[in-house]
Amino acid sequence: MDNAAEDAVRTRIQPHHAVAEFARVLWHLRAILVMLLILFLILSVAMYYVGGAVDAATRTQSSLGRTFYFCAVTALTIGYGDVVPTTTPGLIIAVLLGLLGVLITGVVTASAVYAIQIAAHRGGRREAR
C-alpha cells in the first residue's frame with residue numbers, strides 16, 4: 001500500500017464530527033428538503049380527496065390520519081397494503097409518492113456519505129499535525 005492509502009486506513013472518524021457535518025449538509029440542503037416535504041404534503045392531501053384511499057379490511061374510506069400513514073408507508077417504499085387507493089388518480093399519486101420517497105432517501109443518504117467523507121478528511125488532517 002502506498003502512504004496515502006495507509007493514512008486513509010488509519011484515519012479515525014469522530015462520531016460527533018460526522019453528526020455535525022451531516023447536520024451542516026442537511027442545513028445547506030434545507031430548501032430542497034422543505035420543497036420535497038411540501039410536495040409530500042400536497043400529494044398526501046390529494047390522495048385523501050381524489051385517491052379513494054380505503055381500508056383494505058373494511059372497505060370504508062380511510063381517515064385523514066390513515067391516509068397520511070398510507071402515504072408515508074408508500075414513500076418509504078414499505079407498502080403494508082392495509083390502506084389502498086381505489087381510483088386512477090390515487091394509483092398515480094401512489095406511484096409519485098414512491099418516486100418521491102426514493103428521491104428523499106437518495107438525498108439523505110448522499111448527504112450522510114458526504115458528511116462522513118468530510119469528517120474522515122478532517123480527522124486525517126488533524127492526526128497529521
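Taking the range 78-113, which residues are exposed (fewer than 14 other Cβ atoms within 10 Å of the Cβ) and more than 30 Å from residue 61 (Cα to Cα)?
If the condition is that a residue be exposed (fewer than 14 other Cβ atoms within 10 Å of the Cβ) and more than 30 Å from residue 61 (Cα to Cα), then 106, 109, 110, 113 are the ones that fit.
Take the conditions surrounded by 15 or more Cβ atoms within 10 Å (Cβ to Cβ), touching a Cys at 6+ places or on another chain (Cβ under 8 Å), modelled with pLDDT of 90 or more and not small (Gly, Ala, Ser) and apply them to residue 40. Does it pass? Write out each step before concluding.
On the way: surrounded by 15 or more Cβ atoms within 10 Å (Cβ to Cβ): yes; touching a Cys at 6+ places or on another chain (Cβ under 8 Å): yes; modelled with pLDDT of 90 or more: yes; not small (Gly, Ala, Ser): yes.
In short, yes.
Tell me which residues, restricted to the range 63-77, are surrounded by fewer than 15 Cβ atoms within 10 Å (Cβ to Cβ) and more than 14 Å from the chain's Cα centre (by Cα).
Scanning the range 63-77 gives 63, 64, 65.
Can you tell me which of 58, 77, 86 is in a loop (DSSP other than H, G, I, E, B), in contact with a helix residue (DSSP H, G or I) (Cβ under 8 Å, 6 or more places away or on another chain) and of a type in the set (Val, Ile, Thr)?
77
Given the residues 24, 126, which is the only one that is modelled with pLDDT under 95 and basic (Lys, Arg)?
Criteria check complete, one pass: 126.
The values are calculated or read from the model by the stated rules, or taken from the named source; none is laboratory data. This one's a predicted model, so the numbers in the text were calculated from it and none came from an experiment. Methodologically, a virtual Cβ is constructed for each residue, glycine included, from the backbone with ideal geometry; neighbour enumeration extends over all protein chains shown.
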